[in-house]
Amino acid sequence: MTRHRGRGIASINYPIGMNLGGDPSQALVHSNPSGKFTVALSSIDLGQGMKSVTRQICAETLGVPVEDVYVDTADSDTGPHCMGSFASRGTHRVGNAVMAAAREARGVMMEAAAEELEVNAADLETDGRGNIHVKGAPHRSISTKDVAIAAQFKQGKTISGRGIFLVPLSNVDPETGEMSPATCYAHACLVAEVEVDDETGEVAMVRMDSAYELGRALNPRLVEQQLVGGAWMGVSHALYETPEPYYPDPVHGPRDFVEYLMPGPGDICPHDIAVLERPAPDGPFGGKGPGEMCANPVLPAVANAIFNAVGVRIDNLPITPEKVLRAIKAQGGARPQARR
Amino acid sequence: MTKTPLQFRHNGRDVAIFVDGGTNLLVALRELIGDMTPKFGCGQGGCGTCSVLVDGELHLSCLTLAETVAGRSVETLDGMKQGPNLHPLQRAFADSFAAQCGYCTPGMLMAAKALLDRNPSPSRADVIEAISGNICRCTGYEPIINAILAAAGGRASA
């Protein structure tokens, strides 16, 4: 019995969002009389942090402290329409919609402030701390709270804004099949190192090194959280999970976590990640989305690493010990490839 | 079916309920006591999100017959917070971004508490061993392991 080390590499080009029906998302932003803002969405935060990111985007666009923004998500009865949280589209699509809504709300807020300060709205700026003042004259100032109160009780205005992000649907060219399925792409490259046991066919992860280009990282900690966790979803797809419908028959499918295998805490390995920021021209503050692409390069990199380690090319997932062992036996033993 | 009276301590408070024979502790806690912090994951000990402490020892509440905790002390995540203050483990989980969807978090925290209560300065291998019965879809475990080590470190220096 020998354990063979192997290294594999994979690069991906990942579209943000999709082409279905123009992939729209909407947002509504309004001020409460307290001067705090509410963002209404029907988009869902599954833990990936969209609530935090849309809150930042809204606060930055309005020019108010992030603490003054509340994001109300995931209610399709009361929130405006959203296609959903998938296709790595949350930050980009919903973020753009929030930005448009916040921009419109900011316009009304500045007009209301201008009326109170008796100046032209174009001469006003926000200080990011909850005040609006005349450019170059910080003492000519009014708080966003007082603006909200004036708008509500005196001027009869709603400080609110509507936003939608809609990509024109790209039709397929009947002659060439050409189309533009996405407006921007994220990129990643990952090197996986594995150890393959030629007696059992088991594959253990040794280490991962990766680089992700995902536009501007609007919240670096959340990006890191996605990339660290998502890589293990990738490993899980590569080595452990057999999802629907890839069973001989549905009754052979797993019924619970005892039968549906996933990596445990003892299976993880070091993972060194580099985040490269190249702001997307059409992204909110340059953001694209680290969503699904954090798992994607792992699968081909692991498959390549297994080939490098024992010379077997497994082309269906997951790469179970049984498949590896059968392939090793079929070629008459492990054939380690050259290491680079 | 005859119901059996059952008394035990729940997060330091005496509780008394009536259970059907065969009721598991998870159902007793969630449906009869109203403590929703232990989660139902797989119902057969495969995921760890229902973990609670019984007399300080880690148990899978979905596999524990409710009647076996009579007269004993049951701790759940609901009792971890100390007044308005988060437990050092909860604080460390938040600081380390150790939760995303949050479904595994109650079990992870209870497994971590069971570890730190008996071993205040664990090694990384000890931490991995302690949470090896708990699965997580989102985090890749690394932030959870780091959070537990950070909480242990903070406690040691305090």
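For the subset of the range A:265-302 comprising residues that are in a loop (DSSP other than H, G, I, E, B) and within 14 Å of another protein chain (Cβ to nearest Cβ), which member is nearest to residue A:186 (Cα to Cα)? Please lay out each step first, then the result.
So the first thing to find is which residues in the range A:265-302 are in a loop (DSSP other than H, G, I, E, B), and the list is A:268-270, A:277-283, A:288-291, A:295-297.
Going one step further and asking which of them are within 14 Å of another protein chain (Cβ to nearest Cβ), we end up with A:268-270, A:290-291, A:295.
Numbers: A:268: 25, A:269: 25, A:270: 23, A:290: 8, A:291: 10, A:295: 13 Å.
Per the stated criteria, the residue is A:290.
Just the residues that are charged (D, E, K, R) and in contact (Cβ under 8 Å) with a residue 60 or more places away in the chain, please, taken from the range A:186-222.
Listed by number, the residues that qualify are A:193, A:195, A:197, A:198, A:199, A:202, A:207, A:209, A:213, A:216.
For the range A:227-258, which residues satisfy the criterion of being under 29 Å from the mean Cα position of the chain (by Cα), among the aromatic types (Phe, Trp, Tyr) and more than 9 Å from chain B (Cβ to nearest Cβ)? Quick ask: steps written out before the conclusion?
Filtering the range A:227-258 for residues under 29 Å from the mean Cα position of the chain (by Cα) gives A:227-246, A:254, A:256-257.
From the residues that got through so far, the ones that are among the aromatic types (Phe, Trp, Tyr) too are A:232, A:240, A:246, A:257.
Once the filter is applied, which keeps residues that are under 29 Å from the mean Cα position of the chain (by Cα), among the aromatic types (Phe, Trp, Tyr) and more than 9 Å from chain B (Cβ to nearest Cβ), the range A:227-258 yields A:240, A:246.
Within the bounds of the range A:142-163, is there any residue that is more than 27 Å from residue A:80 (Cα to Cα), part of a strand (DSSP E or B) and touching a Leu at 6+ places or on another chain (Cβ under 8 Å)?
yes
Any chance you could count how many residues in the range B:89-103 are without any contact (Cβ under 8 Å) to a residue 24 or more places away in the chain and within 14 Å of another protein chain (Cβ to nearest Cβ)?
In the first step, residues of the range B:89-103 are kept if they are without any contact (Cβ under 8 Å) to a residue 24 or more places away in the chain; the result is B:90, B:94, B:102.
Subset that is within 14 Å of another protein chain (Cβ to nearest Cβ): B:94, B:102.
Adding up the residues that qualify gives 2.
Quick check, is residue B:54 under 10 Å from the mean Cα position of the chain (by Cα), without any contact (Cβ under 8 Å) to a residue 60 or more places away in the chain and over 16 Å from residue B:108 (Cβ atoms)? Show your work before the answer.
On the way: under 10 Å from the mean Cα position of the chain (by Cα): yes; without any contact (Cβ under 8 Å) to a residue 60 or more places away in the chain: yes; over 16 Å from residue B:108 (Cβ atoms): yes.
The answer is yes for residue B:54.
Here's the yes/no breakdown for (1) modelled with pLDDT under 95; (2) in contact with a helix residue (DSSP H, G or I) (Cβ under 6 Å, 6 or more places away or on another chain); (3) within 17 Å of residue A:219 (Cα to Cα):
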| position | (1), (2), (3) |
| --- | --- |
| A:16 | yes, yes, no |
| A:31 | no, yes, no |
| A:53 | no, yes, yes |
| A:57 | no, yes, yes |
| A:65 | no, no, yes |
| A:84 | yes, no, no |
| A:93 | yes, no, yes |
| A:96 | no, yes, yes |
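Quick one: which of B:53, B:58, B:32, B:26 is at pLDDT 95 or above, touching a Phe, Trp or Tyr at 6+ places or on another chain (Cβ under 7 Å) and not assigned by TED's automatic domain parsing to the domain that holds residue B:108?
On the way: B:53 fails: touching a Phe, Trp or Tyr at 6+ places or on another chain (Cβ under 7 Å); B:58 fails: touching a Phe, Trp or Tyr at 6+ places or on another chain (Cβ under 7 Å); B:32 fails: touching a Phe, Trp or Tyr at 6+ places or on another chain (Cβ under 7 Å).
It is B:26.
Could you say which residue among B:55, B:95 is exposed (fewer than 14 other Cβ atoms within 10 Å of the Cβ) and of a type in the set (Asp, Glu)?
Numbers: B:95 fails: exposed (fewer than 14 other Cβ atoms within 10 Å of the Cβ).
Among B:55, B:95, only B:55 is exposed (fewer than 14 other Cβ atoms within 10 Å of the Cβ) and of a type in the set (Asp, Glu).
Checking residue A:268 against (1) under 14 Å from residue A:194 (Cβ atoms); (2) without any contact (Cβ under 8 Å) to a residue 12 or more places away in the chain, which test does it fail?
(2)
Residues checked against (1) over 22 Å from the mean Cα position of the chain (by Cα); (2) surrounded by 19 or more Cβ atoms within 10 Å (Cβ to Cβ):
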residue	(1), (2)
A:268	yes, yes
A:278	no, no
A:285	no, no
A:321	yes, no
A:326	yes, no
A:329	yes, no
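Considering only the range B:104-128, state which residues are touching a helix residue (DSSP H, G or I) at 6+ places or on another chain (Cβ under 8 Å), free of Cβ contacts under 8 Å to residues at least 12 places away in the same chain and within 12 Å of chain A (Cβ to nearest Cβ).
Taking the range B:104-128 as the starting set, the residues that turn out to be touching a helix residue (DSSP H, G or I) at 6+ places or on another chain (Cβ under 8 Å) are B:105-106, B:108-116, B:119-122, B:124, B:126-128.
Filter again for free of Cβ contacts under 8 Å to residues at least 12 places away in the same chain, leaving B:119, B:126.
If the condition is that a residue be touching a helix residue (DSSP H, G or I) at 6+ places or on another chain (Cβ under 8 Å), free of Cβ contacts under 8 Å to residues at least 12 places away in the same chain and within 12 Å of chain A (Cβ to nearest Cβ), then B:126 is the only one that fits.
Checking the condition in contact (Cβ under 8 Å) with a residue 12 or more places away in the chain, small (Gly, Ala, Ser) and either within 14 Å of chain A (Cβ to nearest Cβ) or out of contact with any helix residue (DSSP H, G or I) (no Cβ under 6 Å at 6 or more places or on another chain) (or both), which residue from B:34, B:21 passes? Spell out the reasoning first.
Details: B:34 fails: in contact (Cβ under 8 Å) with a residue 12 or more places away in the chain.
One residue alone meets the criteria, B:21.
Only one of (1) surrounded by fewer than 22 Cβ atoms within 10 Å (Cβ to Cβ); (2) not in a strand (DSSP E or B); (3) not acidic (Asp, Glu) fails for residue A:11. Which number is that?
(2)
Within 13 Å of the chain's Cα centre (by Cα) and more than 14 Å from chain A (Cβ to nearest Cβ) - does that describe any residue in the range B:131-153? Reasoning before the result, please.
Taking the range B:131-153 first, the residues within 13 Å of the chain's Cα centre (by Cα) are B:131, B:133-134.
This time we only want the ones that are more than 14 Å from chain A (Cβ to nearest Cβ), so: none.
No: zero hits.
The values are calculated or read from the model by the stated rules, or taken from the named source; none is laboratory data. Quick caveat, the model's predicted, so the values are computed rather than measured. Cβ: placed from backbone, ideal geometry, glycine included. Neighbour counts: every protein chain shown.
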